[in-house]
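The structure under discussion appears below in the form of structure tokens.
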Amino acid sequence: MATPTRAPALTGAHPGDAAARPPAVRPRTRRRPLLPYLLLAPALVLELAIHVIPMFVGAFMSLQELTRFHLRDWSGAPFVGLDNFRDVLDVDGPAGAQLLHSFWVTVAYTIASVGLSWLLGTAAAVVLQRPFRGRAVLRALFLTPYALPVYTAVITWSFLLQRDTGLVNHVLVDQLGLLDERPFWLIGENSFVALLVVSVWRSWPFAFLCIMAGLQNIPTEMYEAAAIDGAGFWRRLRDVTLPMLRPVNLVLVLVLFLWTFNDFNTPYVLFGGSAPEAADLISIHIYRSSFETWDFGAGSAMSVALLLFLLAVTAVYLLITNRRGRSHA
Amino acid sequence: MRETTGERWGRRVVLTLLALFVLTPLYVMVTSAAKPLQDVQDSFTWWPSRPTAQAFVDMWSTVPLGRYLVNSLLVSSVAAVFSVTVAIFAAFAVSRYRFRGRGLFSVTVLSTQMFPGILFLLPLFLIYVNIGTATGIELYASRTGLIVTYLTFSLPFSIWMLVGYFDSIPRGLDEAAQVDGAGPLRTLFQVVLPAAVPGVVAVTVYAFMTAWGEVLFASVMTDESSRTLAVGLQGYSTQFNVYWNQIMAASLVVSVPVVAGFLVLQRYFVAGLTAGAVK
């Protein structure tokens, strides 16, 4: 991306900035108070119909007994209050214990994947900061995993990770001789590592892309001033680059967290619909328990609990980062 | 400011490792697509024993790939066109007007993007099935249902990216048009849109890619006749045989157009996407 001329301000401007948005109230808009709503109506109707209303319907379903017998006759499904929640959140019961296990797997997966993706993205963006021959080619190459349809990327990885015909075992066992036995990667304990590697491969380019955009907003003079002060690479990274990237990183980490925590595609395609226990992410857990048992009431209860958890984490995250941001200012 | 020798070598090491990490699966995809079936059933080899295009021929008959491809093309392009059209009007309203609920609209739309897909899956499934039995309008297991669903998936980011582009177009141009007597819609189509063409193209590609790559809803909301590539490609692994060379060939064929589109439009796409993600 060579300095986009018509590109919107990347990091500096906030949506509410007075400088970025000159007041747009004009006599014309006052005479047509309905117009903006008419322009918004199609988007609003679609969002309501496909996202907002189903969300409330989902919350309602979580209070119903919606097993196989009631799915065909939805209106006849009995109302059971919080029974579904009691079942799926009781960690001493079988359903609750499995959900808790799946929750911890997802937490570990999310922390590792977001951390590694951020690390790789930052490393790539920082070393690609100054121009050199071949930089554009590398940038395009690094963005390719992000542009690939998720299923082709993950299917290819599942081929690499096959026990007998895959590249990974060929290199580890046959060529480097690091292991005596060919391990299984897609079943058993190793499946967690396999899932993590595939996830990082898919998501680090997004971190790279955001950080690259953020780096363009750091004035070169700041680096020159730091260099005059005798600051080496690591000092410049710590005292100039990372503090200047803070606004980008705050949003990036939150977005990556939410996407990774909800990740369904990677395990679904990698393991062919039935994730091994060590890689039983929460989305796939809810999916499988809903469509295997056809207990949509329990499935909805788990979905609602997941949503409440994500909202709570997001709220706490925003609260902490806002407070820290203010005390810095 | 000069680069020290240490920095140069550090850069080379980091870039080499990352390039290897990214390239390995891509290399395997391309070379395995050119392998005869025997090669992918034995221990892995770095190069085809006998390079052949046979997999590109066979892949059409092992599974009904042609039908999946047509379904995916149809669903993704219709969803992209509708999504962008709807997003243009919404983005114009958010960018050019102050109105009650403007902030609420932006926050609500963006936050739906962050919710887990699984949250909508069960209710939408039930709603689509019940609309089908009650009114005869087929949304479940139909391409119409997929189109409607997918177009809302790309809508939030599309609106956000377009607001960024529209904001960067000087309002002086709008005012000049209005002085000439142009109404709001004429201003949008004759002044704002022509100036935002790169943004609109980038958003269209984004919406297309979103629909092209969606797996979760495709796995539940399709049947044999409406199946898309996302689910269809899994048909190559049968109980008896896994045609890895054909899977890689098919993956290559369905990946190249979107990757090429992305890389060609990279500049605009990246600018718009980060504006949406970072703001």
Candidates A:185, A:157 - the one that is touching a helix residue (DSSP H, G or I) at 6+ places or on another chain (Cβ under 9 Å), closer than 19 Å to residue A:116 by Cα, surrounded by 15 or more Cβ atoms within 10 Å (Cβ to Cβ) and not hydroxyl-bearing (Ser, Thr, Tyr): A:157
Count of residues meeting criterion [at positive phi and more than 10 Å from chain A (Cβ to nearest Cβ)] in segment B:101-146: 2
Positions within segment B:28-42 being surrounded by fewer than 16 Cβ atoms within 10 Å (Cβ to Cβ) and either facing another protein chain (nearest Cβ under 9 Å) or closer than 30 Å to residue A:227 by Cα (or both), in sequence order: B:41, B:42
Counted residues, segment A:258-279 - those being more than 9 Å from chain B (Cβ to nearest Cβ) and closer than 26 Å to residue A:146 by Cβ: 8
Enumeration of residues in segment A:110-140 that are farther than 22 Å from residue A:193 by Cα, touching a residue at least 60 places away in the same chain (Cβ under 8 Å) and among the small types (Gly, Ala, Ser): A:124, A:125
Matching option when the condition is farther than 30 Å from residue B:36 by Cβ, surrounded by fewer than 21 Cβ atoms within 10 Å (Cβ to Cβ) and either at the interface with another protein chain (Cβ under 8 Å from one of its Cβ atoms) or aliphatic (A, V, I, L, M) (or both), among B:256, B:163, B:220, B:242: B:220
Odd one out for residue B:22, checked against (1) surrounded by 15 or more Cβ atoms within 10 Å (Cβ to Cβ); (2) modelled with pLDDT of 95 or more; (3) more than 7 Å from every other protein chain (Cβ to nearest Cβ): (3)
Test: residue A:255 is within 10 Å of chain B (Cβ to nearest Cβ), closer than 20 Å to residue A:151 by Cβ and surrounded by 15 or more Cβ atoms within 10 Å (Cβ to Cβ): no
Subset of segment A:203-244 [without any contact (Cβ under 8 Å) to a residue 12 or more places away in the chain, in a helix (DSSP H, G or I) and either in contact with a helix residue (DSSP H, G or I) (Cβ under 6 Å, 6 or more places away or on another chain) or not polar (S, T, N, Q) (or both)]: A:221, A:224, A:225, A:227, A:228, A:233, A:234, A:235, A:238, A:242, A:243
Selection within segment B:166-214 - farther than 20 Å from residue B:156 by Cβ and of a type in the set (S, T, N, Q): B:178, B:187, B:190
Positions within segment A:66-89 being modelled with pLDDT of 90 or more and assigned to a loop (DSSP other than H, G, I, E, B), in sequence order: A:82
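The values are calculated or read from the model by the stated rules, or taken from the named source; none is laboratory data. The shown structure was predicted, so the numbers you read here are calculated from the model rather than taken from an experiment. Glycine also receives a Cβ, built like all others from the backbone with ideal geometry; neighbour counts cover every protein chain displayed.
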